[in-house]
Amino acid sequence: MFAGLRKGIKSFYAEGDQWRDEGQFEGLDREVRHIYETPGGKLWLIDYFSGLTRLDFSGGFTRQPKITRYDTAQGLPPADRVVAFPTDRGLRF
């Protein structure tokens, strides 16, 4: 399970009837408001005023995933207007 924080995200792992705190991911220092997970092992994060961030776990879980950031330079609208939603055809922005 992933939880958005004021500075990044944290990962939790269910072990029996207990949750294990796996800590925060390196390289993320923005407030995360929304988290979407795709079947291909990628997490899409929407932070408050910076756009989208993609964490790539397609090669397996790691504490240092490949991080790619997207904003107006890649054609997104201003960050206060970025929304993402899941559809039957994948994640849409």
Note on segment 30-44: residues crowded, with 18+ Cβ neighbours inside 10 Å and either outside any strand (DSSP E or B) or charged (D, E, K, R) (or both) are R30
Original post:
Would segment 69-83 turn up any residue that is out of contact with any Gly (no Cβ under 7 Å at 6 or more places or on another chain) and open to solvent by less than 50 Å² (accessible area, probe 1.4 Å)?
Top reply: no
The condition of being of a type in the set (S, T, N, Q), modelled with pLDDT under 90 and farther than 28 Å from R89 by Cα holds, among Q64, Q74, only for Q64
If you go through G27, G60, the only one that is assigned to a loop (DSSP other than H, G, I, E, B) and open to solvent by less than 50 Å² (accessible area, probe 1.4 Å) is G60
Here the qualifying pairs (Cβ atoms under 8 Å; residues six or more apart or on different chains; first in segment 13-33 and among the aromatic types (F, W, Y); second outside any strand (DSSP E or B)) come out as Y13/M1; W19/M1; F25/R63; F25/Q64; F25/P65
Of the residues in segment 9-24, those that are hydroxyl-bearing (S, T, Y) and either touching a Pro at 6+ places or on another chain (Cβ under 9 Å) or open to solvent by 100 Å² or more (accessible area, probe 1.4 Å) (or both) come to Y13
Of (1) open to solvent by 40 Å² or more (accessible area, probe 1.4 Å); (2) touching an Asp or Glu at 6+ places or on another chain (Cβ under 6 Å); (3) of a type in the set (D, E, K, R), D47 satisfies every one except (1)
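The values are calculated or read from the model by the stated rules, or taken from the named source; none is laboratory data. In this text the structure is predicted, and so the values were computed from the model without any measurement. For neighbour counting, all protein chains shown are included, and Cβ atoms are generated from backbone atoms with ideal geometry for every residue, glycine included. Each accessible area value is taken on the protein alone, full model and side chains, heavy atoms only, with ligands, DNA and RNA left out. Shrake-Rupley method; radii C 1.70, N 1.55, O 1.52, S 1.80 Å.
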